[in-house]
1. Would it be correct to say that Pro140 is over 18 Å from the mean Cα position of the chain (by Cα), surrounded by fewer than 18 Cβ atoms within 10 Å (Cβ to Cβ), in a loop (DSSP other than H, G, I, E, B) and not acidic (Asp, Glu)?
2. Can you name the residue in the stretch 16-39 that is touching a strand residue (DSSP E or B) at 6+ places or on another chain (Cβ under 8 Å) and outside any helix (DSSP H, G or I) and, of all such residues, is farthest from Val4 (Cα to Cα)?
3. I need the full set of residues from the stretch 66-81 which are over 8 Å from the mean Cα position of the chain (by Cα) and within 16 Å of Arg202 (Cβ to Cβ), in order please.
4. Mind listing whichever residues of the stretch 188-232 are under 22 Å from Pro148 (Cβ atoms), out of contact with any Asp or Glu (no Cβ under 7 Å at 6 or more places or on another chain) and part of a loop (DSSP other than H, G, I, E, B)?
5. Tally the residues that are out of contact with any Pro (no Cβ under 6 Å at 6 or more places or on another chain) and either more than 11 Å from Leu183 (Cβ to Cβ) or without any contact (Cβ under 8 Å) to a residue 24 or more places away in the chain (or both), restricting the search to the stretch 200-218.
6. Do the conditions hold for Asp156, that is, is it surrounded by 16 or more Cβ atoms within 10 Å (Cβ to Cβ), of a type outside the set (A, V, I, L, M, F, W, C), modelled with pLDDT of 95 or more and more than 16 Å from the chain's Cα centre (by Cα)?
7. What residue, of Pro192, Pro231, is within 25 Å of Ser117 (Cα to Cα) and surrounded by fewer than 16 Cβ atoms within 10 Å (Cβ to Cβ)?
8. Can you tell me which residue among Val11, Val61 is over 20 Å from Val134 (Cα atoms) and either surrounded by fewer than 19 Cβ atoms within 10 Å (Cβ to Cβ) or β-branched (Val, Ile, Thr) (or both)?
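The values are calculated or read from the model by the stated rules, or taken from the named source; none is laboratory data. This is a predicted model, so every value here is computed, not measured. Don't worry about glycine lacking a Cβ; one is built from the backbone with ideal geometry, like all the others, and counts go over all protein chains shown.
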Amino acid sequence: MRVVFVHGACVRDGSWWWHRTAALLDRHGITSVAPGLPSCGEGGASAGHDGPGLTADVAAVREVLQDSDEPTVVVAHSYGGIVTAEAAAGVPSVRHLVLVSSYLPEVGESLSSFSSSEPAPFLDVDVESGTLGVRPDFLPGRFLQDCPEVAGDAGDRLARQSLSIVGQPVTAAAWQHVPSTYLVCAQDRGTPASAQRDFARRAGTVVELDAGHHPFLSQPQAVADLLVGLPS
């Protein structure tokens, strides 16, 4: 089995966000990979009005999913659930989806389907440049309150992302056809647990963890145990 981790919005370097849990999986002989998302500037093109959006993110993740016949678990975090809904659809090697504090869209839904008309206070939206990002001062207390020791390294990995991803709908919903587990992060200050539980109703299995927005950093053993224990 291998694990493909799809990171959330406004960050880069997915392998770093995943590294604590990946090291534990490696002890079980489980490999993992974290593809970059072009809309976050990870594909060589800058984010912005003419920059890559959801379609490019889907293509990047789908390419990684299709490059191996090994049974694969996709772990989608936050915005990564939007990407994964389309990217994992119809890929035979994908055996399970794990959604971590994640959006879980139906066909035709987008991030804007789940957002209010006003941006969250922790977001910096620049309409002129066509990008959005997380305000650095919100990162430690809103997203990393249960693993403050990594706040500095995490801040170095914030990224501007193409604003177009907010309104671009998915054309497939892999979770409707692939077994899925939703990990609700009960202490998440970024995506409220109540919203996560609404999404979780669409998943096959629901697990709750007393963790913030990034449990793969704050409680890597719990996340690794969940993945190792998935049905083969």
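1. Working: over 18 Å from the mean Cα position of the chain (by Cα): yes; surrounded by fewer than 18 Cβ atoms within 10 Å (Cβ to Cβ): yes; in a loop (DSSP other than H, G, I, E, B): no; not acidic (Asp, Glu): yes.
No, not satisfied.
2. Only one residue fits best here, namely Leu37.
3. Going residue by residue through the stretch 66-81, those that are over 8 Å from the mean Cα position of the chain (by Cα) are 66-74.
Val74, the sole residue that qualifies.
4. Within the stretch 188-232, Asp188, Arg189, Gly190, Thr191, Pro192, Asp210, His214, Gln219 qualify.
5. First, the residues of the stretch 200-218 that are out of contact with any Pro (no Cβ under 6 Å at 6 or more places or on another chain): 200-203, 205-208, 210-218.
So of that shortlist, the ones also either more than 11 Å from Leu183 (Cβ to Cβ) or without any contact (Cβ under 8 Å) to a residue 24 or more places away in the chain (or both) come out as 201-202, 210, 212-214, 217-218.
Going through the stretch 200-218 one residue at a time, the tally reaches 8.
6. In short, no.
7. Numbers: Pro231 fails: within 25 Å of Ser117 (Cα to Cα).
Only one candidate qualifies: Pro192.
8. Working: Val11 fails: over 20 Å from Val134 (Cα atoms).
Matching residue, one of Val11, Val61: Val61.
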